[in-house]
Amino acid sequence: MAPELSEKSVKTRIADGSEIVTPWWEIDAGGEGPTLLIVAAQHGNEVQGTETIRRFAPVCTEQLRAGTVMLVPMANLLAIRHRRNSVKIGPEEKQTELHRANNMNRLWPGDLEGNDVARVAHSLHEQIVTRATHMVDLHCWCRLWAAAVLACDVGESSRMAEIAGLRFINWSEAPDDLDLPTQLRKLTVSRGLAAITIEFSGQFCVEEHQVLGGVRALVNLARMLGMMEGEPEIPSESGIKVTDERKMMVEAPCAGLFVQAPDLKLEDRVEAGQSLGHILLDDDLSTVEITAPEGGWLWRYGSQREAPDVSLPDQHPYCDAGDTLAGIITA
Ligand SMILES: [Zn+2]
């Protein structure tokens, strides 16, 4: 018999005495099996995972054969309703004291007596996170950066990263000593459990290509864990490892307006010498062609400066000499 979706919620009393109700879904196939937790929108402007989870839920009710899936599409409602990365912060704010204090993904396992975000994290942790055997944390970074899996290259986390089937994997060292509070994925891995993060490309938006890649990744993981029948569908040229040695950054030779090549987008394969676009110079209105110095896959694309994930000026197509125009992971 097909498993049913249970609508659940976690209630958190916040400082002003009111209650934050975080809705979530549980789909239980009954019997033995892993408990796979999928979390989205810890950051309020990163909502592509929310739609990914909504699409994944009916796949679970149709196809789940073993174990339990716990789906939290809107982990940080305070930040979503604020329409920014974190509650209380202003436009283009990052790594300030206010941001650090309210950044949900630095506050695990939460704090019953802490600020409102830490309290929500605490109740999610107690009622949901502690039950999980496997975890996927869905985020979004800047629209000029390609989607990627972030994972520690250890045990089952490595396998999950590869099975997800995204173009890129960004490996990091396993955390050795853990200062709490910390990130949800670090906390999970430090407990000997398997976890990955997926960074979709694009904040403040939901794009079909990203959502489809996300749903395929989640189905692949459920198949890998024996929770759904069938083999994972892993596209060719996926799981390309992002390392410092393979990263080739293309910098602007002069100031002007950088215009990307038509029909070229993130994740695309480029050949050495291929046009990446042009710069229209702001002193004499001449045009300078920009070409790929080496072949590989587009990992970053578009004029960008220090913090394009939070700053609109930092993703403006007007570049200064030395600004990043593209990043290529060489073949
Ligand atoms: Zn995030």
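Here are some notes:
- Computed extension length for Glu294-Ala321: 7.7 nm, one decimal, from 0.36 nm per residue of separation with the Cα-Cα distance subtracted.
- Among residues other than Glu207 with Cβ under 12 Å from its Cβ, the summed charge is 0 (Lys and Arg +1, Asp and Glu -1).
- As an equivalent ellipsoid, region 111-251 spans semi-axes of 25, 19, 17 angstrom, where each value is the square root of five times an eigenvalue of the C-alpha gyration tensor, largest first.
- Region 11-78 - convex hull of the alpha-carbon atoms, volume per residue in Å³: 88
- Extended-chain gain in nm, criterion 0.36 nm per residue less alpha-carbon gap, Asp282 and Glu62: 73.5 nm
- The modelled label-to-label distance for the pair Gln274/Leu180, using points 7 Å beyond Cα in the direction of Cβ, is 4.8 nm.
- Taking all pairs of distinct alpha-carbon atoms in region 260-316, Kirkwood radius in angstrom: 12.6
- Potential lengthening between Met1 and Glu126 on full extension [0.36 nm per residue; Cα-Cα distance subtracted]: 42.0 nm
- A straight Cα-to-Cα reach below 15 Å connects Lys186 with the aspartates and glutamates Asp137, Asp153, Glu156, Glu173, Asp176, Asp177, residues fewer than 8 places away in its own chain not being considered.
- Shape box of region 203-331 [Cα atoms, principal axes, largest first, Å]: 62, 32, 26
- Calculated [θ] (222 nm, deg cm²/dmol) that DSSP helices of n ≥ 4 give over the chain, each run adding -39,500 (n - 2.57): -6500 deg cm²/dmol
- Going from the residue with the fewest nearby Cβ atoms within 10 Å to the one with the most, Asp176, Asp282, Asp314 rank Asp176, Asp282, Asp314.
- Modelled FRET efficiency - R0 30 Å, Asn170 with Glu19, Cβ distances, 0.05 increments: 0.20
- Using a cutoff of 8 angstrom between alpha carbon atoms and counting only pairs six or more residues apart, the relative contact order for the chain works out to 16 percent.
- Result for the chain in a Gaussian network model with C-alpha springs under 10 Å: among Arg143, Arg269, Arg300, the largest mean-square fluctuation is at Arg269.
- Ordered by the number of other Cβ atoms lying within 10 Å of each residue's own Cβ, fewest first, Glu156, Glu32, Glu92 fall into the sequence Glu32, Glu92, Glu156.
- Simple spin-label estimate for Lys88 and Leu312 in nanometres, 7 Å along Cα-Cβ: 2.5
- When the chain is treated as a Gaussian network with alpha carbon springs shorter than 10 Å, the biggest mean-square fluctuation among Ala174, Ala222, Ala132 belongs to Ala174.
- Residue order, fewest to most surrounding Cβ atoms within 10 angstrom, among His43, His209: His209, His43
- Our analysis of the chain gives Rg over Rh at 1.00, with the two radii drawn from alpha carbon positions and Rh computed by the Kirkwood formula.
FYI, it's all coordinate maths here, none of it is from the lab. Note that the structure is a prediction, hence the values are computed from the model and not measured. Virtual Cβ from ideal backbone geometry, glycine too; neighbours counted across all protein chains shown.
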